[in-house]
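Data first, discussion second: the structure below is written as C-alpha cells.
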Amino acid sequence: MPSSLPYRDMHFSRWCSLLIIGLCLGYAVTSLTRLPTWALPFVAAAWLALGYWLRWGAPRSPQRPAVPRYWSWALIPIALWGLYIYLSESFGIVDLGAVFFHLQAGMTDHGGVSRVGAAIFYTLSMAALFVSFLWLLRHDHRWRRGEFFLALLMLASNPLLYGVTQRGAAIVTDDGAWLDRQYVEPMILDAREDPPNLLLLYLESVERTYADRERFGDAYADLDAIGENGLVYEASTRSTTPAGPWRA
C-alpha cells in the first residue's frame, strides 16, 4: 500500500500541472482573441483532453533526465508572452516607447497604481505556470526534445518584440532624469492687475464619447458640470448656455 503513494503523488502533480497550464493558456487565448471570457474553461478542457490522449507527463516509456531540470530557456519566451498579455489587458495597444516612458517618468499620477493588484495576480500566475512547465519537462522527454523549437516559436510570434522601435530604444538608453531636464517651469513676464475671470481647460485625448454613461459611467460627469456653467466648443460648432462664461 505505501508503494502506491509516489504514483498517486505523481498522478496528482501531473493533472495539477496540466490544469494550471490549461487555465493560463485559456486566459491567453480569450484575452488576445474575440472569444468571450466564458470560453476559458472550454480551452482548458480541450488542453486537458489533449494531454490525456497524448499522455503528457506520463509517457509509456519514460526517460528521466540525467540532471534534474530546474531551468528552461523556454521560460523567458513564456515570461515575455505573460508581460505582453498583461500590458495588452492593462493599456490596450502595447507601445513599448510609452511603457518605458512611464517607467522612467512615474505612474502614480497616471492611474498606474490601480494595476498593482493585477500585476501581483499575473506574477503569481506566471510563477505557478513556470513550476508546472518545469514539472512537465522533467517527467516527459517528448517536451524536453521540443523545448528549443517551442522557445523559438514563442519568441517569433510575440508582438512585444516587434514593438521595440528606435524611439523606444532611445528612451531606454537615456537616464531617468531626462524628463526633468526637458521640463521648463512657465514664467509670467507680464500680467494685468485685474485679470479676467476665465478658466481655460485643454484636455488631451479626452473626447465627448466618454460622456456615454452606459459605457463609461460617470467618467465625464465633472466635465459636464463645468460645461453647464460656461462655453463649450465642439469642433467647428459652438454651443452656449445662459449661465455665462466659465468661472475659476
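The values are calculated or read from the model by the stated rules, or taken from the named source; none is laboratory data. The model shown is predicted, which means the values in this text are computed figures rather than measured ones. A quick note on method: Cβ atoms are made from the backbone with ideal geometry, for glycine too, and the neighbour counts reach across all protein chains shown. Accessible surface areas use protein heavy atoms only, side chains included; no ligands, DNA or RNA. Shrake-Rupley method; radii C 1.70, N 1.55, O 1.52, S 1.80 Å.
How much of F42 can a 1.4 Å solvent probe reach, expressed as accessible area in Å² and rounded to 10?
Around 140 Å² of this residue is reachable by solvent.
Near the amide H of A219, under 5 Å away, which other amide H atoms are found, from residues 5 or more places off or on another chain, if H is placed in the peptide plane?
Those lying under 5 Å, H to H, from A219: there are none.
So, in nm, how far is label F149 from label E89 when the simple model puts each one 7 Å beyond its Cα toward the Cβ?
It is 3.1 nm.
Ranked by accessible surface with a 1.4 Å probe, highest first, in what order do H11, H141 come?
Order by accessible area, largest first: H11, H141.
Calculate, in nm to one decimal, what L80 and S13 gain on full extension: separation in residues at 0.36 nm each, minus their alpha carbon distance.
The L80-S13 span can extend by a further 21.6 nm.
Treat each spin label as a single point 7 Å out from the Cα along the C-beta direction, and report the I120 to A225 distance in nm.
3.1 nm
Just how much of D224 is accessible, in Å², when a 1.4 Å probe is used and the result is rounded to the nearest 10?
My reading of the accessible area for D224 is about 50 Å².
Can you tell me the length gained on complete extension of the stretch S31 to M187, counting 0.36 nm per residue apart and subtracting the Cα distance?
Going from the current span to full extension adds 51.4 nm.
Please list, in order along segment 197-204, the HN-Hα scalar couplings obtained from phi with the Karplus expression 6.51 cos²θ - 1.76 cosθ + 1.60 (θ = phi - 60°), rounded to whole Hz, x for Gly and Pro.
7, 9, 10, 9, 10, 10, 10, 8
Heavy atoms only, 1.4 Å probe, whole protein assembly: order Y162, Y202 by accessible area, highest first.
Result of the area sort, largest leading: Y202, Y162.
Once the cut-off is 17 Å, how many percent of the Cα-Cα pairs in segment 124-166 end up in the long-distance tail?
Cα-Cα pairs in segment 124-166 separated by more than 17 Å: 50 percent.
Under 5 Å between amide H atoms, partner at least 5 residues away or on a different chain: which partners does L231 have, H built in plane at 1.01 Å?
So L231 has HN proximity to W246.
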